[in-house]
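Undergrad: One structure, as structure tokens, below. Some questions next.
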Amino acid sequence: MTVLGGYLGAGKTSLLNHLLRHNAGRRLAVIVNDFGSINIDVALVESQEGDTFSLANGCICCTLGDDLAMTMTALLKRTAPPEQIIIEASGVADPVRIAHYGTMPGYRLDAIVVLADAETVRQRSQDRYIGATVHHQLLGAELIVMNKVDLVSPATCQAVRQWLGIVAPGARIVEAVCGAIPLALLLDLSLDRMAVTTDVVGDRLVDHRSSYETWSFAKDGSLDGARLRALVEQLPEGILRGKGILTLSDAPTTRTIFQLVGRRWSLKQGEPWDDALPSSQVVLIGLPGSIDAAAFEQALQ
Amino acid sequence: MTETTVFTATKIITMNDSQPEASAVAVRGGRILAVGSLDEMEAWGSFSIDNTFCDKVLLPGFVEAHSHSVVGGFWEYPYVGHFDRVAPDGRHITGCRSIAAVIERLRAADADLDDPEEPLIAWGLDPIYFSGESVRAATLDRVSTTRPVYVHHMSGHIVSVNTTLMRHEGIDAESETVGIVKDGSGQPVGELQGMPAIMSVRSVFERLWSSLNASTAKWRFGHIARNAGVTTASELGAAAVTPEAIRQWQLVVNDPAFPARIVIAYSNRFGGPSDPAQMAAQAARLAEHSSDKLRLGTIAKIWLDGSIQGFTARLRWPYYLNGTNGLWYIAPERFREELLAYHNAGLTVHVHANGDEATDLLLDTVEQVLLASPRPDHRHTAQHNQLASADQFRRMARLGMSANMFINHIYYWGDQHLTETVGPERADRMNALATAKRTGVQFSMHSDEMVTPLGGLMLVWSAVNRVTATGQVLGKQERISLHDALRAVTVDAAYQLKMDHEVGTIECGKWADFAVLEADPFAVDAMALKDIPVWGVVLAGKLHPADGRGRE
Ligand SMILES: [Zn+2]
């Protein structure tokens, strides 16, 4: 489960539409809990065998028997449950609180992504009514998508990025136009589909390869668990997302699944290898300059 | 010609200021034909006299402009709350004031269930009154070690469960769901906080959920109203307005045996369109399902913030005593769009605004909407409005708004407000009814059933005494007169539901809806007001005695 947060007008809907357009047949369920976002292209969702669920108004954490929990458990009972769900949080919701729903049985929290409108976010953060809410949302983000950067000057962009770094020190920050960011940052994709490529946004071709770097590593057999942990703990700030299906020397007969979003990462036991040949594969995505392939490889050997 | 019945009473308090008192009321075809003395009834020709109330006092049936019907569903299960309540069947249920009392009541309920597999569900638990002691699996295992036990807290966000239920649902040390409370050694203790955790006991929760939405819940809600003298109650936006739900409301409320009128506020909280214009259009279209007893399509509900006792209300500086502030439930821009859409569709909008910062946002927004789209007699109502100050009431008056005050808070949470939430000065002016009156704001009072029990007399008692559960007086200067308090639970509440031309006073032409009391509120001590026995109600001339004490 991925939580998509951010104040009204930050571009959650365009990001979702981008995601649905490039989703390529995965069974996604989008749960919308924001009445600002009624422009989700439902036809698009249907053609992709996904679902969009509009949720009730107001606070999903205050109602008795709230829709979100009910919808999420109902989804699990389907004959073909979605591979991943994206919850678009209400414009005033605390994304961290919504993320708690991702700890329900049958779910795993993938990422807390918060959008910030490069043009208005600083002003909103000063608003008498919702300033504190905006700050709180940013503070809870694992990944902040600074959206609409085409509408501000490079100097403003730089200033907003710096400001975000101060108000949300725990988050990784990426820039976007019309919410177009690589899918791999938002979803838990299979390793072979994580590579960052190009997107068409409106009538423009956006080459993500100039904004992101990908590092892939594969080897037969196992990795040393201690060395891997040491590497992950020392990854540079610019690393945004990582995934691996590994064999660790301390658990050679089962897969170990590595997940990294922003600063949060985990190693969890996966399926046994059984007859398959144990191997180790890792993919990391980062901002330009964050990937030192030689050093990473050396650390794992 | 339709028959005329004249009811006589010791005293008829009409709440019609042109004719405050009478001793007889003539009813024809469910409506009030005449009010006065028995002699004055002669003008309308022959009539029969009904002396059932000759030793009783009649008031206009109480009108509750903010209640919720789900409480009827909870009454399918035993109540283990701190405060006394009257069950739908009229039984007086004593509050559970100790953990021992909770266990005793649950054991009795356990013995009443035939099927050993059936989960025992209970509700209303309020552990804040057990001086720090919690009610969890260790306690609930003393009720049963074989039957699943599920106790829903009064706050609505927390559930306590026993070990059997945790075992059935696979809750153990490995459970990772946020909100499953664990002890120092990592074992779950039997407390589930928040919906993700509560959904860990889904099968039992869903059982409760279906009870809350059943037609029996609506029937019980009607009986609760009757027992409290309430003849017009509202469902303020916490129930679905789907076609099936509306059919169910129609079947129940339009049944001649159902003892109350019900006004349903539109909200899309349980489904429906999300575009404001479509929401407003759907809300207005619901009017076609209305009847004399069931009202739809006249009012809508929007929530701005949370609750004061839950620390989720939006407060003006200096916020809560602990320095925090609450949560917004809707973005201000979105609120403005919804309000404008309902406003343009001709609805009266009831806006949940508990804290004074939420009240500010409400006033700012109503002002913008009125400038954009002037409309006479909109009656937009601030709901709860608990911390509104004099400057806000003055603005409310200028904007033509109404206020529905949560006066029962003084009794139920006043002590906590003094020491835990907002401190003495603001607690003293919570639900400032006298200020509302002074500044000329039209106001009513509500119970928010099930948050506090439904009933006009309790509200009136709270308004004239302002006494907390431990007997402290909060803000003596905000007390109002008994007459004003009675207005606020009759005709002034009817005004906010756009029904003051039909109900709210005992007056020629209105529905013959009466609260029948065993004593005159003006003749008893102010502190005894809440204890005046209610015989039952008359609805459109039909007698509905309260269960357990009335007679057909
Ligand atoms: Zn309410």
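The values are calculated or read from the model by the stated rules, or taken from the named source; none is laboratory data. Please read these numbers as outputs of a predicted model, since none were measured by experiment. So basically every Cβ, Gly included, is an ideal-geometry build from the backbone, and we count neighbours across all protein chains shown. For accessibility, only protein heavy atoms count, side chains too; no ligands or nucleic acids. Shrake-Rupley method; radii C 1.70, N 1.55, O 1.52, S 1.80 Å.
Undergrad: Once both axes come from the Cα atoms, what is the angle between helix B:243-253 and the longest principal axis of chain B, in degrees from 0 to 90, rounded to 10?
TA: 60
Undergrad: A further question follows. Just to confirm, what accessible area per residue do you get for the protein assembly as shown at 1.4 Å probe, in whole Å²? List each step's numbers first, then the result.
TA: Working: 31850 Å² over 853 residues.
Accessible area per residue, the protein assembly as shown: 37 Å².
Undergrad: How much net charge surrounds B:A512 when only the other residues with a Cβ under 10 Å from the Cβ of B:A512 are counted, with Lys and Arg +1 and Asp and Glu -1? Please report the intermediate quantities before stating the final value.
TA: Numbers: positive: B:R28, B:R31, B:K510, B:K542; negative: B:D513.
My count for the surroundings of B:A512 gives +3.
Undergrad: Taking only Cα atoms and a 10 Å spring cutoff, compute GNM fluctuations for chain A and point out the largest among A:T103, A:T256, A:T197.
TA: A:T103
Undergrad: Something else now. Can you give the Kirkwood hydrodynamic radius of the stretch A:182-222 from its Cα pairs, in Å with one decimal?
TA: Working: mean 1/r = 0.0843 Å⁻¹.
Final number for the Kirkwood radius of the stretch A:182-222 is 11.9 Å.
Undergrad: Pairwise over distinct Cα atoms, reciprocal of the mean inverse distance: report the Kirkwood radius of the stretch B:382-529 in Å, one decimal place.
TA: Result for the stretch B:382-529 stands at 15.6 Å.
Undergrad: Still on this structure, I have one more. Build a GNM of chain A with springs between Cα atoms under 10 Å: which of A:T247, A:T79, A:T214 gets the top mean-square fluctuation?
TA: It is A:T79.
Undergrad: Tell me the accessible surface of B:Y412 in square angstrom (1.4 angstrom probe, heavy atoms of protein chains only), to the nearest ten.
TA: It works out to around 20 Å².
Undergrad: Let me ask you something else. Any chance you could give the angle, 0 to 90 degrees and rounded to 10, that helix A:154-167 forms with the longest Cα principal axis of chain A?
TA: Rounded to the nearest ten degrees, it is 80.
Undergrad: Students sometimes get this wrong: rank B:I99, B:I410, A:I245 by accessible area, probe 1.4 Å, all chains present, largest first. It would help to have the intermediate numbers written out before the result.
TA: Working: B:I99 25, B:I410 0, A:I245 55 Å².
Most to least solvent-accessible, the answer reads A:I245, B:I99, B:I410.
Undergrad: Let me have the relative contact order for chain B, percent, based on Cα pairs under 8 Å that are six or more residues apart. Each step should come with its number before you reach the end.
TA: Details: 1275 pairs, mean separation 96.8, N = 552.
Relative contact order of chain B: 18 percent.
Undergrad: Still on this structure, please answer the following. What number, rounded to the nearest 500 deg cm²/dmol, is the helix-based mean residue ellipticity at 222 nm of chain B, given -39500 (n - 2.57) per DSSP H run of at least four residues and division by all its residues?
TA: Working: 18 runs with 158 residues, N = 552.
Computed ellipticity for chain B at 222 nm equals -8000 deg cm²/dmol.
Undergrad: Using modelled amide H (1.01 Å from N, peptide plane; none on Pro or chain starts), what sits under 5 Å from the amide H of B:S307, excluding residues fewer than 5 places away?
TA: Correct list: B:T312, B:A313.
Undergrad: Express in % the proportion of alpha carbon pairs of chain A at distances exceeding 28 Å.
TA: Numbers: 17716 of 45150 pairs.
Beyond 28 Å sits 39 percent of the P(r) for chain A.
Undergrad: Write down the percent of antiparallel bridges among all DSSP beta bridges whose residues are both part of the stretch B:71-209, to the nearest 5.
TA: Numbers: 10 of 16 bridges.
Here the share of antiparallel DSSP bridges comes out near 60 percent.
Undergrad: Let me ask you something else. To test your reading of the geometry: what angle, between 0 and 90 degrees and rounded to tens, separates the Cα axis of helix B:202-212 from the longest principal axis of chain B?
TA: 10
Undergrad: Could you order A:E142, B:E507 by accessible surface area, starting with the largest, using a probe radius of 1.4 Å? Present the calculation step by step, with values, prior to reporting the outcome.
TA: Details: A:E142 25, B:E507 60 Å².
Accessible-area ranking of A:E142, B:E507, largest first: B:E507, A:E142.
Undergrad: I would also like to ask the following. Leaving out ligands, DNA and RNA, and with a 1.4 Å probe, what % of the accessible surface on the stretch B:49-186 is carbon or sulfur? Mind showing how you got there, number by number?
TA: Values: 2700 of 5640 Å².
Carbon and sulfur: 48 percent of the exposed surface of the stretch B:49-186.
Undergrad: Now for a separate question. Could you work out the Kirkwood radius for chain B, taking every pair of different alpha carbons, averaging 1/r and inverting it, reported in Å? Don't skip to the end; give the middle numbers.
TA: Numbers: mean 1/r = 0.0411 Å⁻¹.
Result for chain B, one decimal place: 24.3 Å.
Undergrad: Same structure, new question: In whole Hz, with x marking every Gly and Pro, tabulate ³J(HN,Hα) for the stretch B:35-44 from phi via Karplus 6.51 cos²θ - 1.76 cosθ + 1.60, θ = phi - 60°.
TA: Values per residue, Gly and Pro as x: 10, x, 9, 4, 4, 5, 6, 4, 4, 9 Hz.
Undergrad: Further question: What percent of all Cα-Cα pairs in the protein assembly as shown falls in each 20 Å bin, counting up from 0?
TA: 14, 43, 31, 10, 2, 0
Undergrad: Let me ask something else. Which FRET efficiency value, to the nearest 0.05, do you get for B:R97 and B:H501 by plugging their Cβ-Cβ distance into 1/(1 + (r/R0)^6) with R0 = 41 Å?
TA: The computed FRET efficiency comes out at 0.35.
Undergrad: Between chains B and A, what is the buried accessible area summed over both chains (1.4 Å probe, protein heavy atoms, nearest 100 Å²)?
TA: Details: alone 21070 and 14010 Å², together 31850 Å².
Buried area (both sides, nearest 100 Å²): 3200 Å².
Undergrad: Picking from A:W273, A:V114, A:T133, whose Cα lies most toward the positive end of the charge dipole for chain A (charges on Cβ: Lys, Arg +1; Asp, Glu -1)?
TA: Result: A:T133.
Undergrad: To the nearest 10 square angstrom, what accessible area does B:W328 show with a 1.4 Å probe?
TA: B:W328 has an accessible surface of roughly 10 Å² with all protein chains in place.
Undergrad: Quick one: of the DSSP bridges fully inside chain B, what percent are antiparallel, nearest 5? Numbers along the way, then the final one.
TA: Details: 37 of 74 bridges.
In chain B, approximately 50 percent of DSSP beta bridges are antiparallel ones.
Undergrad: In debye, nearest 20: dipole of the protein assembly as shown around its Cα centre with unit charges on the Cβ of K, R (+) and D, E (-)?
TA: Working: 75 positive and 98 negative charges, 188 e Å.
Dipole of the protein assembly as shown, to the nearest 20 debye: 900 debye.
Undergrad: If amide H atoms are built 1.01 Å from N in the plane of the peptide, which residues on other chains or at least 5 residues away come under 5 Å of the amide H of A:V30?
TA: Residues meeting the amide H criterion: A:D51, A:T52, A:F53, A:I86.
Undergrad: Residue by residue, what Karplus-based ³J(HN,Hα) values in Hz, rounded to whole numbers, does the stretch B:53-63 have, using 6.51, -1.76 and 1.60 with θ = phi - 60° and x for Gly and Pro?
TA: With coefficients 6.51, -1.76 and 1.60, one gets 9, 4, 10, 10, 10, 9, 10, x, x, 5, 10 Hz.
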